[in-house]
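**Student:** One structure, as structure tokens, below. Some questions next.
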Amino acid sequence: MKNYKISIIKGDGIGPEVISATERIIEAVEEKFSLNFEKIFVEAGLEAYKKYGTNLPDFSLEKIKQSDCLLKGPTTSLEGEGTELGVPVKIRKYFDLYANLRPLKNFPHIKSIFNGVDILIVRENTEGMYSGLEYKLSEEVNVGLRVATKTGAQRIMKVAFENARERKKKITLGHKSNVLKMTDGLYKDVFESVSKSFPDVEAREEHIDALAMKLVMEPQNYDVIVLENLYGDIISDLVAGLVGGLGIAPSANIGENFAMFEPIHGSAPDIAGKNIANPIASILSFSMCLNWIGEKDASRTVENAVINLLKKGEKLTVDLGGNSSTQEVSESIAKEIASISV
Ligand code: NAD
């Protein structure tokens with residue numbers, strides 16, 4: 001039996017609901033693939049802030065460091081001047097999880113405007129507008145620094161091109177270097193330079209505003225899209241909306257030696273505590289986790305179990321047009337996992 005240590009942040013709002021649903025899937029995978037996941041629960045988010053005055057205490061970071069990977073539920077961010085950075089931003093920076101992979105595609109029976117959408121957003125995760133460098137210059141003026149480094153650009157472009165090579169061999173850089181000449185200009189130059197090492201990948205560039213328009217008109221034309229931090233955050237929610245919403249949108253935050261997996265969505269206070277949140281985004285994030293630790297069969301099985309469930313169209317949460325509860329959906333996915341032959 002293979003053993004892994006997985007740290008888990010349950011998160012706020014719908015976080016504990018979707019994470020508990022994902023724990024059921026971890027059990028199903030353990031049983032089917034003779035794996036053992038030692039779960040290390042970690043306090044972080046709004047509840048931790050209320051208890052300890054910080055959303056990510058040092059002892060939580062120490063616990064995360066003891067694990068092989070982190071599964072994170074959504075956490076509520078404090079807003080306004082002087083408040084702390086959000087938990088995911090802090091963790092990405094602390095562990096240098098520079099590559100945020102957000103696969104977004106059509107799934108069976110999920111209503112969407114287009115068919116044939118299958119996009120991987122590769123978002124730079126540690127710099128750009130989310131560097132956390134904001135200052136008050138005077139009573140009148142606040143500024144935020146937008147950081148772009150050559151090393152940061154090179155490593156994210158490399159990840160993006162490598163992923164494109166494994167997919168349909170098409171990559172698009174979204175930028176605004178006509179205005180942001182130093183920062184986006186650097187990303188554009190590095191994109192062009194890295195593209196020379198990937199002659200088999202068709203590389204193109206688009207201004208971010210034009211890209212936003214084209215994505216809502218012809219999303220089928222895109223494969224991998226590589227973006228600076230803030231652009232990536234916004235554009236991935238847009239594409240999630242094109243394929244059925246945030247309830248089915250997973251993500252991986254990957255560094256050299258560690259990775260965090262979390263649904264793209266937030267803590268959804270509007271539906272928290274009702275047992276109606278869609279757990280699929282969180283479950284598919286766990287599938288990405290399995291892939292990253294090398295359990296490829298288990299990863300594929302979890303994704304196929306989700307697809308089988310969606311094909312049947314019976315057990316769906318409200319956001320997908322059904323009336324099943326969070327737990328009913330995960331129980332059904334667990335049954336699908338058990339019934340798939342590998
Ligand atoms: P949100 O993603 O929480 O919600 C947006 C909309 O999508 C809401 O209508 C919500 O009900 C719906 N939704 C989200 N997840 C769903 C699911 N699994 N099933 C069904 N419907 C779902 O975004 P928001 O309202 O902008 O943010 C709420 C809080 O979450 C904020 O404090 C924000 O900072 C935080 N947030 C955290 C993360 C993270 O931890 N990675 C990401 C985004 C937002």
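**Student:** Could you give the accessible area per residue of region 189-342, probe 1.4 Å, as a whole number in Å²?
**Tutor:** Solvent-accessible surface per residue comes out at 40 Å².
**Student:** Quote the relative contact order of the chain in percent (integer), defining contacts as alpha-carbon pairs under 8 Å separated by 6+ residues.
**Tutor:** Worked out over the chain, it gives 22 percent.
**Student:** Sticking with this one: Hey, what do the phi angles of region 334-341 turn into as Karplus ³J(HN,Hα) couplings, whole Hz, using 6.51/-1.76/1.60 and θ = phi - 60°, x for Gly and Pro?
**Tutor:** The phi angles translate into 4, 5, 4, 4, 5, 8, 6, 8 Hz.
**Student:** A further question on this structure: Please state, as a whole number in µm²/s, the translational diffusion coefficient that the Stokes-Einstein equation yields for region 194-342 at 4 °C and 1.567 mPa s, with Rh defined as the Kirkwood radius across alpha carbon pairs.
**Tutor:** 75
**Student:** Would you please calculate the Kirkwood hydrodynamic radius of region 112-243 over all C-alpha pairs and express it in Å, rounded to one decimal?
**Tutor:** 15.3
**Student:** Suppose a student asked you for the relative contact order of region 112-243, using Cα pairs under 8 Å spaced at least 6 residues apart; what percent would you report?
**Tutor:** 40
**Student:** While we're on this one: Equivalent-ellipsoid semi-axes (√(5λ), Cα gyration tensor) for the chain, whole Å, largest first?
**Tutor:** 31, 25, 20
**Student:** Return the subset of 10/168; 63/105; 65/136; 65/188; 105/335; 39/150 for which the Cα-Cα distance in this structure is over 26 Å, preserving the input order.
**Tutor:** Where the Cα-Cα span goes over 26 Å, the pairs concerned are 10/168; 63/105; 65/136; 65/188; 39/150.
**Student:** For the pair residue 335 and residue 234, what calculated FRET efficiency results from E = 1/(1 + (r/R0)^6), where r is the Cβ-Cβ distance and R0 = 41 Å, to the nearest 0.05?
**Tutor:** 0.65
**Student:** Provide the net charge surrounding residue 320, with neighbours chosen by a C-beta distance below 14 Å and charges set as Lys +1, Arg +1, Asp -1, Glu -1.
**Tutor:** Charge balance near residue 320 sits at +1.
**Student:** To continue, here is another question. Can you list the residues, at least 5 places off or on another chain, whose amide H is less than 5 Å from the amide H of residue 274, using H built in the peptide plane?
**Tutor:** none
**Student:** Could you compute the FRET efficiency for residue 196 and residue 149, with r as their C-beta to C-beta distance and R0 at 22 Å, rounded to 0.05?
**Tutor:** The value I calculate is 0.65.
**Student:** If the only charges are +1 at each Lys and Arg Cβ and -1 at each Asp and Glu Cβ, what is the size of the charge dipole of region 151-214 around the Cα centre, to the nearest 20 debye?
**Tutor:** 140
**Student:** Continuing with the same structure: Report the FRET efficiency, 1/(1 + (r/R0)^6), for residue 296 and residue 137, where r is their Cβ-Cβ distance and R0 is 56 Å, rounded to 0.05.
**Tutor:** After rounding to 0.05, the efficiency reads 0.65.
**Student:** Moving to a separate point now. Given H placed on each backbone N at 1.01 Å, which residues far from residue 4 in sequence or on other chains put an amide H within less than 5 Å of it?
**Tutor:** It is 36, 37, 38, by chain and number.
**Student:** Could I ask something else about it? Per DSSP helix of 4 or more residues, -39500 (n - 2.57); summed, then divided by the residues of the chain. What does that give at 222 nm, rounded to the nearest 500?
**Tutor:** Mean residue ellipticity, 222 nm, calculated: -13000 deg cm²/dmol.
**Student:** Could you give the semi-axes, largest first, of the ellipsoid that matches region 1-142, computed as the square roots of 5 times the alpha carbon gyration tensor eigenvalues and rounded to whole Å?
**Tutor:** 30, 23, 15
The values are calculated or read from the model by the stated rules, or taken from the named source; none is laboratory data. Only a predicted model underlies this, so the values are computations on that prediction, with no experimental measurement involved. Don't worry about glycine lacking a Cβ; one is built from the backbone with ideal geometry, like all the others, and counts go over all protein chains shown. Accessible surface is based on the protein model in full, side chains and every heavy atom, while ligands, DNA and RNA are left aside. Shrake-Rupley method; radii C 1.70, N 1.55, O 1.52, S 1.80 Å.
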